[in-house]
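Below is one structure, written out as structure tokens; the observations come after it.
All of the numbers you see were taken from the coordinates with simple rules; none came from a lab. Given the structure is predicted, the values throughout are model-derived calculations rather than measurements. Quick reminder, even Gly has a Cβ in these numbers, built from the backbone with ideal geometry, and neighbours come from all protein chains shown.
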Amino acid sequence: MGFDSFADLLPYIAIGFAAQLVDGALGMAFGVITNTLLVGVFGMPPALASAKVHLVECFTTASSGISHLYHRNIDRGLFLRLLIPGVLGGVAGAYLLSNIDASAIKPFVLLYLAGIGIYLFVRGLRHPGDPKPARRVAPLGLLGGFLDAAGGGGWGPVVTSNLLVQGVEPRRVIGSVSAAEFFLTVAVSATFIAHIGIADMAGPTLGLIVGGVAAAPIGAYAAKRVPVKPMLTLVGVVLTLTSLYGIWKAWG
């Protein structure tokens, strides 16, 4: 896939920018959006698309985490409670990927997430209530990290959505989950980086990085400014649509 000019990178910059804008504001969907467009629109092999997206996320999650920190969207306690279980779950998922067919359970996880999305959408239309403290954080981090590594994605949808269902303040959830995702992504992506090498930084990967890093501060700002009710509604819509699309791809 040749790239003779900056114009050749523009479609990938646009994809990275749009996907990170959604992810930074809502705490999910970067991997789903980029993988879908790279495979479905540009015809890239799924394995190659996944490798590129994981490498890109090492940069976008770092930029997003710093941006959320600047806007004070991160709850330090929640971040620390997610960090270690998330990384452990991600490492376990990476090691077990060769022995467990994660694709077999993925449609059922997506069905669950679609139900969570509908619930959040309805809850967003109604009064969301006062913020509540986070509960059952470690199991969520462990499960989210495992699914992200073994199932090709799931950290944001699983962890963000379930914390929002518990009633935790949305911008604190999104900021904390996004910050913890950087450490998870680096842990899970180490083997990808070792195999891809620096040469593959050119082309689509570079374009996605440029677009994603540029959008991260805007997404973090949006997470801080958007009121709770529309935030929950938007998360519900994105989670439901992406989950239903994944179910259609798996069972269609």
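See the values below:
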quantity: Fewest-first ranking of VAL228, VAL177, using other Cβ atoms within 10 Å as the exposure measure; calculated: VAL228, VAL177
quantity: Residues MET44, MET28, sorted so that the one with the fewest Cβ neighbours within 10 Å comes first; calculated: MET44, MET28
quantity: Under the Karplus curve 6.51 cos²θ - 1.76 cosθ + 1.60, θ = phi - 60°, whole-Hz ³J(HN,Hα) for the range 242-251, x wherever Gly or Pro sits; calculated: 5, 5, 5, 5, x, 5, 4, 5, 6, 10
quantity: Exposure proxy ranking, count of Cβ atoms within 10 Å, fewest first, for TRP248, TRP155; calculated: TRP248, TRP155
quantity: Cβ charges +1 (Lys, Arg) and -1 (Asp, Glu), total dipole of the range 6-251, debye; calculated: 860
